[in-house]
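Asks: Below: one structure in structure tokens.
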Ligand SMILES: [Zn+2]
């Protein structure tokens with residue numbers, strides 16, 4: 001079965017994950033879909049398929065070569081974003097997309113002139129939504145591609161490979177999929193998440209990310225009798241923000257530039273709260289950015305009195321590049337596999353986080369591969385059928401390269 005055929009089946013399952021739920025997975029649909037995948041894997045003849053009570057699938061295919069090589073793993077997530085309704089209602093195939101503007105529903109328009117991924121899809125068969133739902137390519141494209149590669153291995157015993165591990169996880173979109181991920185049960189030495197957008201992308205440099213909470217305590221009085229008494233918390237919050245370099249905001253940064261993003265501000269004269277995201281690719285610059293915020297808070301406390309500004313910084317994800325760099329075969333093999341599929345590999349820096357980052361720090365270096373589906377979390381989602389085939393091919397080529405692995 002081709003990857004897209006599987007994909008069209010998978011996107012009909014409702015696997016939206018939702019924040020703030022007690023249960024793991026957050027929604028029962030994810031577990032139900034995992035059961036479908038588990039039985040499909042068993043139908044392939046894979047004996048080692050484990051579905052745990054939290055909805056995680058782990059499994060492996062034993063090596064069929066003499067040589068000792070690393071165990072390579074592949075991961076995709078089964079849940080889809082809650083940004084728009086899902087599951088997909090009426091996905092439709094457009095054969096040999098000719099580059100015209102597509103109006104999927106009133107106001108839901110795909111235009112290759114402003115969409116470089118769509119530009120790359122001209123001449124390919126693509127899948128689009130009916131303009132009212134998500135497609136779910138994030139990450140069912142990845143799921144379909146890994147499944148297709150696994151089916152190929154089990155039906156082609158002459159294909160030589162080391163031990164292959166795989167995992168399908170819930171709740172990635174709500175940021176908790178790594179919380180219950182069992183690295184030991186997964187059992188891979190190195191892995192790839194198949195969870196990117198355009199096919200050909202290999203991502204292993206992501207942001208260091210922190211969240212910062214600023215609480216300003218003011219003093220409220222009657223404005224008519226405020227002289228030398230009032231401290232307006234909102235104005236002090238504005239002072240704090242003004243101390244941060246304005247050119248280091250998301251809207252002025254790209255590529256390897258870091259930023260401070262003012263996520264939220266709310267308050268009154270007595271109390272004002274601000275929430276920031278701090279992002280940077282470089283470790284030293286990341287530390288500098290956090291230290292700079294501390295300095296701003298200190299300065300304002302000197303000016304307005306101790307305890308006026310309270311800054312709490314919490315570290316989030318870390319740049320996985322640090323963990324991947326000692327194992328650049330992960331990148332070199334992926335590059336070569338993609339090039340053999342006729343696509344020029346690209347290694348862009350991710351301006352966000354990824355699940356692979358946490359996993360890399362848990363000891364399984366794990367770059368991310370593009371799936372050939374794009375415009376994720378939007379009504380204009382597209383899955384490129386040809387690129388999905390190529391991605392499944394590339395996964396097999398990566399496995400073949402690891403069968404030849406020299407330490
Ligand atoms: Zn994803």
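Asks: What number of residues within region 167-185 are surrounded by 19 or more Cβ atoms within 10 Å (Cβ to Cβ), under 16 Å from residue 74 (Cβ atoms) and either at pLDDT 95 or above or more than 13 Å from the ligand (Cβ to nearest atom) (or both)?
Replies: Summing the residues that are surrounded by 19 or more Cβ atoms within 10 Å (Cβ to Cβ), under 16 Å from residue 74 (Cβ atoms) and either at pLDDT 95 or above or more than 13 Å from the ligand (Cβ to nearest atom) (or both) in region 167-185 gives 4.
Asks: I've got another one for you. Within 30 Å of residue 233 (Cβ to Cβ) and modelled with pLDDT under 95 - does that describe any residue in region 348-371?
Replies: Within region 348-371, not a single residue is within 30 Å of residue 233 (Cβ to Cβ) and modelled with pLDDT under 95.
Asks: Got a number for residues in region 6-47 being in contact (Cβ under 8 Å) with a residue 40 or more places away in the chain, more than 18 Å from residue 377 (Cβ to Cβ) and part of a helix (DSSP H, G or I)?
Replies: Qualifying residue count, region 6-47: 8.
Asks: Here is a follow-up. Quick check on my filter: what residues within region 177-200 are under 13 Å from the mean Cα position of the chain (by Cα) and under 24 Å from residue 283 (Cα atoms)?
Replies: Residues satisfying the conditions are 178, 192, 193, 196.
Asks: Keeping to region 337-383, report how many residues are out of contact with any helix residue (DSSP H, G or I) (no Cβ under 6 Å at 6 or more places or on another chain), farther than 25 Å from residue 259 by Cα and part of a helix (DSSP H, G or I).
Replies: 1
Asks: When you scan region 186-203, how many residues do you find that are part of a loop (DSSP other than H, G, I, E, B), away from the ligand (no atom under 16 Å from the Cβ) and either touching a helix residue (DSSP H, G or I) at 6+ places or on another chain (Cβ under 7 Å) or modelled with pLDDT under 95 (or both)?
Replies: Total satisfying the criteria: 1.
Residue-by-condition table, conditions (1) in contact with a helix residue (DSSP H, G or I) (Cβ under 9 Å, 6 or more places away or on another chain); (2) without any contact (Cβ under 8 Å) to a residue 40 or more places away in the chain; (3) not assigned by TED's automatic domain parsing to the domain that holds residue 374; (4) not in a loop (DSSP other than H, G, I, E, B):
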position	(1), (2), (3), (4)
75	yes, no, no, yes
86	no, no, no, no
103	no, yes, no, yes
119	yes, yes, no, yes
127	yes, no, no, yes
142	yes, no, no, yes
145	yes, no, no, yes
149	yes, no, no, yes
153	yes, no, no, yes
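Asks: Okay, moving on. Quick one: in region 207-217, of everything that is surrounded by fewer than 24 Cβ atoms within 10 Å (Cβ to Cβ) and within 17 Å of residue 319 (Cβ to Cβ), which residue is nearest to the ligand (Cβ to nearest atom)?
Replies: 209
Asks: Taking the condition modelled with pLDDT under 95 and touching a helix residue (DSSP H, G or I) at 6+ places or on another chain (Cβ under 8 Å), does residue 322 pass?
Replies: yes
The values are calculated or read from the model by the stated rules, or taken from the named source; none is laboratory data. Just so you know, these numbers come straight off a predicted model, no measurement behind them. Methodologically, a virtual Cβ is constructed for each residue, glycine included, from the backbone with ideal geometry; neighbour enumeration extends over all protein chains shown.
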